[in-house]
Amino acid sequence: MNRRKFLAVTGAGASLAVAGCLGAGDESTGAFDVEMTIDSYRPEELTVEPGTTVEFGNTSSHAHNVAAFQDAYPDEAEYWSSDPEGRIGSEQEAIDDWYSTDQYTKLSTRDSFEYTFEHEGRYDYYCVPHIEAEMIGAIIVEE
């Protein structure tokens, strides 16, 4: 094999391998209102009417969670996260939970949870273990 052909073949293979690690081809399945891919929420922003229940689902091979940014939701609303039983009452508790043995907020592959957005406004959230990858989303509630 000549040098150019070798570089073309190995370069293409390396590009595909890196793309796989970065989540390329990690497409939305449409099974959930908000899907957690390898490094993002899809869609990143979703607009709904008050009283809408949104289902968040993990469609990737990595564990994720949903944690509201403290005070980045309407004043009338309570803190929310992917803990289905509502045991998490603050952003710090969500962070601590992720690194604990309980992991109430953890969503493994194909896990999902629902949350009903009652009050108008913007609800910003993120994935604790993937905040550095800017895995951030928002639900906008309006009439």
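Residues satisfying the criterion are absent from the range 104-112 (criterion: surrounded by fewer than 17 Cβ atoms within 10 Å (Cβ to Cβ), out of contact with any Cys (no Cβ under 6 Å at 6 or more places or on another chain) and farther than 19 Å from Asp39 by Cβ).
For the range 43-86, the set of residues classified as exposed (fewer than 13 other Cβ atoms within 10 Å of the Cβ) and among the small types (Gly, Ala, Ser) consists of Gly51, Ser61, Gly86, listed by residue number. The residue that is surrounded by the fewest Cβ atoms within 10 Å (Cβ to Cβ), counting only those in the range 122-134 that are in contact with a strand residue (DSSP E or B) (Cβ under 6 Å, 6 or more places away or on another chain) and of a type outside the set (Phe, Trp, Tyr), is Arg122. Does Ser90 satisfy being of a type in the set (Gly, Ala, Ser) and within 24 Å of Arg42 (Cβ to Cβ)? It is false that Ser90 is of a type in the set (Gly, Ala, Ser) and within 24 Å of Arg42 (Cβ to Cβ). Just to be sure I understand the filter: pairs with C-beta atoms under 6 Å, separated by 6 or more residues or on different chains, first member in the range 55-72 and of a type in the set (A, V, I, L, M, F, W, C), second member surrounded by fewer than 14 Cβ atoms within 10 Å (Cβ to Cβ). Which pairs pass? Listed pairs, sorted by first residue: Ala63/Ser108. For Tyr73, indicate whether it is closer than 18 Å to Ala138 by Cβ, touching an Asp or Glu at 6+ places or on another chain (Cβ under 8 Å) and assigned to a loop (DSSP other than H, G, I, E, B). In short, yes. Evaluate the range 20-28: report whether one residue or more is at pLDDT 95 or above and in contact with a strand residue (DSSP E or B) (Cβ under 7 Å, 6 or more places away or on another chain). The answer is no, given that none of the residues of the range 20-28 is at pLDDT 95 or above and in contact with a strand residue (DSSP E or B) (Cβ under 7 Å, 6 or more places away or on another chain).
The values are calculated or read from the model by the stated rules, or taken from the named source; none is laboratory data. These figures come from a predicted structure and were not determined experimentally. Note that each Cβ is placed from the backbone with ideal geometry, even for glycine, and that neighbours are counted across all protein chains shown.
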